[in-house]
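Right, I'll just put the structure down here and ask away after.
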Amino acid sequence: MYQENRQRLLQDLAEMKAVGIFYAGSLKTRNADCEYRFRPASDFWYLTGFDEPEAVLVLLPDGDERAVLFLSELNPSEEIWTGKRLGTAAAPDSLGVDVAYPIEELWTRMPELLTGHTRVVCTTGEDEQRDLHLLQVAEDLRRKVRGGVVAPMEWLDPGPYLHELRLKKSAGEVDAMRHAAGITTEAHLAAMAAAAPGVNEAEIDALIDYEFRRRGSSGQAYNNIVAGGANACTLHYIENNDKLKDGDLLLIDAGCEWEYYASDVTRTFPVSGTFSDEQRAVYELVLRSQKAGIAQAVPGNSFYSVHEVTLKVLVEGMIELGWLKGTLAENLKSEEYKRFFMHKTGHWLGLDVHDCGTYFIDGESRLLEPGMVTTVEPGLYVAANEETVEARWRGIGIRIEDDILVTADGNENLTAAIPKEVDEVEAACRGTVLQQAN
């Protein structure tokens, strides 16, 4: 899969007469001499399937050596502390690259690799020293142009090239995302069964991580949101350290990675196992809007139209509930609804939870195509101090989110197995599953 990804990008590089440079990233200090668990840069992983730090891939559009990898060489004394490395000798056969060199040779070999190319596709602005090294190599080559040397004159962001490839998922990528969705399903089911009055959000947070890791995932695709009661009205609540209360809802926004491909799911359910009348009314409105949005997420419709459809359902419902005054058109124009629904309905999903790819082309919302994966995640949030509505609605925060693969004939909900119908959710809170959601 990674070799195929490289070949597609190499075709673009050949047309531009450009060389591509992609960095795996470095270990980052957490505190003192402790480091965060390493996670490779998504662009680098997409092109290599290699997850060691301090590695660099250089793609050349012509010649016998088109995929050149720089990586850490084998060092038995260091490996005692940090674990086994792949090494340069094994890299070509293992990763399908043409040649591999020690990372220490990167900048001495870079002039030869850049010579003959007028354009360089790479990400800049993330590492000042790295950028300075690259600019110095280019400047040294430019001093030789009167001798016939062709040197880089233009620096291009990977976005219009690599990121457009990443936007449309291959069969292998979809398989990875299905696997991530399957693990995430088990984690949400476990959380629904374990939540109860008196349980701390932190316990549910830990349970979700446990389910992710014990099933082979590398862990969270993003910080888990485990928000009981009014905490759910803080959209990116990650403190996850309050006791759950009888009668409250629990909003969980959590998804794992599988081979660094993300899942992103939100479910909201009653801590006590049964929705109150008010909670159920709001929940069913959000669910109705989400189903309308999912139905809209098919080839030929615009990305933004998914939001427009869900928004109309939500606003009509808020008018019926008495939260908003006036007509649908008046509220859409005034945006009074933003007191209760202040975010958009979805985003691209892939190697990053907010994945790459443009949302607009020439000022117009781009059309959905097979292979794209988007979330559909409407919500309603009534702050505890929201005095424009009756007290019975205050402190209710609900979001429902699924991962939707656009297919040739419609779409596939990758996370459909996680309960979201009211009776299914209440059953899951009792530790049983009535049926798989559609």
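Of all the stretches in the chain, which is the longest one without any exposed loop site, taking GluC sites (Glu not before Pro) in a DSSP loop (any state but H, G, I, E, B) with at most 13 other Cβ atoms within 10 Å?
Longest gap between qualifying sites, sites excluded: 127-238.
Taking Cα atoms, how many degrees apart are the long axis of helix 303-321 and the longest axis of the chain, rounded to 10 and kept between 0 and 90?
So the helix axis and the longest Cα principal axis differ by about 20 degrees.
Another one. Round to the nearest 0.05 the FRET efficiency obtained for R39 and D423 when R0 = 30 Å and r is the Cβ-Cβ distance.
Between R39 and D423 the formula returns 0.15.
Straight-line reach only, C-alpha to C-alpha below 30 angstrom: list the lysines that K144 could link to, leaving out same-chain residues fewer than 8 apart.
The qualifying lysines are K17.
Length gain on complete extension for the stretch A194 to H236, per 0.36 nm per residue less the alpha carbon to alpha carbon distance?
12.9 nm
Let me ask another. Could you compute the FRET efficiency for D175 and T432, with r as their C-beta to C-beta distance and R0 at 35 Å, rounded to 0.05?
0.75
Additional query: Considering only DSSP beta bridges with both partners in the chain, what is the antiparallel share in %, to the nearest 5?
80 percent
Between region 44-106 and region 342-417, what is the separation of their alpha carbon centroids in Å?
Using only Cα atoms, the two centres lie 38 Å from each other.
Which shape class applies to region 144-300: rounded if a/c is under 1.5, otherwise prolate when a/b exceeds b/c and oblate if not, where a ≥ b ≥ c are the square roots of the Cα gyration tensor eigenvalues?
Prolate is the answer for region 144-300, as a/c is 1.5 or above and a/b outweighs b/c.
In nm, to one decimal, how far is the E54 label point from the L27 one, both placed 7 Å along Cα→Cβ?
0.8 nm
For region 168-429, rounded, prolate or oblate, judged on the Cα gyration tensor with a ≥ b ≥ c (square roots of eigenvalues), a/c < 1.5 rounded, else prolate if a/b > b/c?
Judged from the Cα gyration tensor, region 168-429 comes out oblate (a/c at least 1.5, b/c at or above a/b).
Given the pairs K291/K344; K312/K420; K245/K312; K243/K312; K291/K333; K168/K344, which span a C-alpha to C-alpha distance of over 27 angstrom in this model?
K245/K312; K243/K312
How big is the gap, in Å, between the Cα center of region 115-158 and the Cα center of region 169-199?
Cα centres, region 115-158 to region 169-199: 44 Å.
By how many degrees, 0 to 90 and rounded to 10, does the Cα axis of helix 171-194 deviate from the longest principal axis of the chain?
It is inclined by approximately 40 degrees.
A further question follows. Please work out the FRET efficiency for the pair R143 and M342, using the Cβ-Cβ distance as r and a Förster radius of 56 Å; give the result to the nearest 0.05.
0.55
How about K84: which aspartates and glutamates have a C-alpha closer than 14 Å to its C-alpha, ignoring those fewer than 8 places off in the same chain?
Straight-distance partners of K84: D51, E52, E73.
Sort V373, V382, V433 by Cβ crowding within 10 Å, fewest neighbours at the top.
Lowest count first: V433, V382, V373.
Sticking with this structure for a sec: Using a Gaussian network model of the chain with C-alpha springs under 10 Å, which one of H307, H343, H163 is most mobile by mean-square fluctuation?
H343
Provide the per-residue ³J(HN,Hα) series for region 112-119, in order, calculated from phi with Karplus coefficients 6.51, -1.76, 1.60 and θ = phi - 60°, each as a whole number of Hz, with x at glycine and proline positions.
Karplus values, whole Hz, x for Gly and Pro: 5, 5, 7, 4, x, 10, 8, 10.
Once you place label points 7 Å from the Cα toward the Cβ at D64 and R8, how far apart are they in nm?
Calculated label separation equals 3.0 nm.
Sticking with this one: Roughly how tilted is helix 277-296, in degrees to the nearest 10 and between 0 and 90, from the longest Cα axis of the chain?
Around 40 degrees separate the two axes.
Which of rounded, prolate, oblate describes region 177-219, given a ≥ b ≥ c as roots of the alpha-carbon gyration tensor eigenvalues and a/c under 1.5 marking rounded, otherwise prolate only if a/b is larger than b/c?
Cα axes put region 177-219 in the prolate bin.
Read-outs throughout are calculated quantities, based only on the coordinates presented, and are distinct from any laboratory measurement. For clarity, every value in this text was computed on a predicted model and none was experimentally measured. Virtual Cβ from ideal backbone geometry, glycine too; neighbours counted across all protein chains shown.
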